[in-house]
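Here is the structure we will look at.
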Amino acid sequence: KSPVDGQLIGEVTFADNKDYERLMAEAQIAFPIWKAMPAPHRGEIVRQFGDALRQEKENLGKLVSYEMGKSLQEGYGEVQEMIDICDFAVGLSRQLYGLQMHSERPGHRMFEQWHPLGVVGIISAFNFPVAVWAWNAAIAWVCGNVCIWKPSEKTPFSSMACQEIFKKVLLANNLPEGISNLIIGDSTIGKSMAADQNIALVSATGSTKMGKSVAETVGRRLGKSILELGGNNAIIVAEDADLNHAVPAIVFGAVGTAGQRCTSTRRLIVHESQYESLLEKLKQAYRQLRIGDPLDQKNHVGPLIDAMAVEAYKNTVRTAQEQGGELAHGGQVLEGEKYTSGCYVMP
């Protein structure tokens with residue numbers, strides 16, 4: 001269901017280990033074909049994917065906004081980030097240099113040559129349902145790797161749309177779809193990917209708890225991992241800070257994507273001389289936030305991803321108060337005709 005209005009988007013069936021094994025077989029068939037292509041040719045395929053994303057930017061951006069709940073501007077922005085990384089990867093496809101070195105043998109030179117890793121696993125989170133995958137996949141592809149992508153089970157339709165867009169590019173170039181593989185499943189599939197010797201590198205985005213599990217499992221088999229995890233980010237407001245600049249930065253950092261980013265502002269460290277003035281300005285700013293349908297560009301803040309996120313929100317506020325925190329603004333779940341999904345909260 002969409003967190004925007006609670007309406008059913010569609011239904012998906014979670015993959016099991018047999019599905020995963022079939023997918024891995026497709027990836028392994030595609031790898032030697034893709035690896036054998038010159039890197040600039042692989043870059044040309046990624047360039048075509050970037051152009052296809054340009055054609056689908058509006059549709060895909062709206063889907064991201066509706067399925068995940070982030071503002072429409074952020075949905076479009078996420079697709080633009082995909083386009084940008086494709087452009088970057090195309091450039092890299094002609095820059096996979098290696099060093100040349102002197103040899104102690106007369107008339108000889110040594111050189112280094114980089115080889116693809118093989119199958120790259122990508123585990124992405126709900127808050128950036130398409131961009132994080134593209135950041136990993138575009139670079140992996142031009143380097144000659146094939147990818148298996150397990151998106152968040154909370155945002156399956158955005159990932160399926162991406163797979164369909166790239167599938168058309170591959171088929172138009174008589175290339176196997178196994179160069180890009182998508183599997184919809186829960187943490188069981190993620191654990192299988194982390195433990196699989198056939199996956200040379202696992203790139204995982206999500207909670208710190210998840211990252212520790214992935215790092216431990218992949219490290220145990222001496223695989224490679226790239227982890228992007230949670231944060232506890234602070235903004236420091238110094239004695240001479242200009243609050244006219246500080247307040248918009250703080251508010252955007254805290255409420256962007258409804259606070260569901262690893263880069264979200266979670267703490268303020270404020271000089272005592274600025275405290276009262278800053279607090280008042282922040283309350284004024286928060287009162288002006290328009291909360292509602294993220295596809296309406298007049299709104300600033302959309303819903304949380306689902307009911308579990310709402311419960312986590314309520315528990316966090318309650319815990320802070322139990323530890324002596326004072327609630328200066330917000331902290332409530334919103335109700336009414338505009339908030340039928342039950343996922344809208346007051347920042």
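Determine which residues of region 145-177 fall in the zone a paramagnetic label at residue 17 would reach in this model, i.e. backbone nitrogen under 19 Å from the point 7 Å along Cα→Cβ.
In region 145-177, the label zone of residue 17 (backbone N under 19 Å from the point 7 Å along Cα→Cβ) covers 150.
Relative contact order (percent) for the chain, with alpha-carbon contacts under 8 angstrom and 6 or more residues of separation?
It comes to 19 percent, rounded to a whole number.
Pull out a ≥ b ≥ c, the square roots of the eigenvalues of the alpha-carbon gyration tensor of region 23-122, then state rounded if a/c is under 1.5, prolate if not and a/b is larger than b/c, and oblate in the remaining case.
prolate
Relative contact order (percent) for region 9-86, with alpha-carbon contacts under 8 angstrom and 6 or more residues of separation?
27
Within 10 Å, count the other beta carbons around each residue, average over each peptide in 292-301, 196-205, and list them highest first.
Those peptides, ordered most packed to least, come out 196-205, 292-301.
Where is the GNM fluctuation largest for the chain (alpha-carbon springs, 10 angstrom cutoff): 16, 84, 240?
Result for the chain, Cα springs under 10 Å: 240 fluctuates most.
Given the convex hull over the Cα atoms of the chain, what projected area results after averaging over all orientations, in nm²?
Computed as one quarter of the Cα hull surface, the answer is 22.5 nm².
Putting +1 on Lys and Arg Cβ atoms and -1 on Asp and Glu Cβ atoms, find which of 246, 205, 110 reaches farthest to the positive end of the dipole of the chain.
Result: 110, furthest along the dipole toward the positive end.
How large a share of the accessible area of the chain, in percent, is made up of carbon and sulfur atoms when the probe is 1.4 Å and the other protein chains stay in place?
53
To the nearest 20 Debye, how big is the dipole of region 1-130 about its Cα centre, given +1 on the beta carbon of each Lys and Arg and -1 on that of each Asp and Glu?
520
For helix 131-142, what angle does its Cα long axis make with the longest principal axis of the chain, in degrees from 0 to 90 and rounded to 10?
Rounded to the nearest ten degrees, it is 10.
Ordering 155, 263, 208 by how much accessible area each has at a 1.4 Å probe, largest first, what is the list?
I get 263, 208, 155, largest accessible area first.
Around residue 149, which amide H atoms from residues at least 5 apart in sequence, or from another chain, sit under 5 Å from its own amide H, with H modelled in the peptide plane?
Residues meeting the criterion, in which the H sits 1.01 Å from N, are 122, 181, 182, 183.
In percent, what relative contact order does region 152-271 have, based on Cα pairs under 8 Å that are 6 or more apart in sequence?
Worked out over region 152-271, it gives 19 percent.
Could you give the dipole magnitude of region 202-308 about its Cα centre, charging the beta-carbon of Lys and Arg +1 and that of Asp and Glu -1, in debye to the nearest 20?
620
Leaving out ligands and nucleic acids, note down the accessible area per residue over the chain with a 1.4 angstrom probe, in whole Å².
53
So, by mean Cβ neighbours within 10 angstrom, what's the order for 315-321, 172-178, 39-45 with the highest one leading?
Descending mean neighbour count gives 39-45, 172-178, 315-321.
The values are calculated or read from the model by the stated rules, or taken from the named source; none is laboratory data. Note that the structure is predicted; figures quoted are calculated from it, not measured. With ideal geometry, Cβ positions are generated from the backbone for all residues, glycine too; neighbour counts draw on all protein chains shown. Keep in mind that these areas ignore ligands, DNA and RNA; they rest on the heavy atoms of the full protein, side chains included. Shrake-Rupley method; radii C 1.70, N 1.55, O 1.52, S 1.80 Å.
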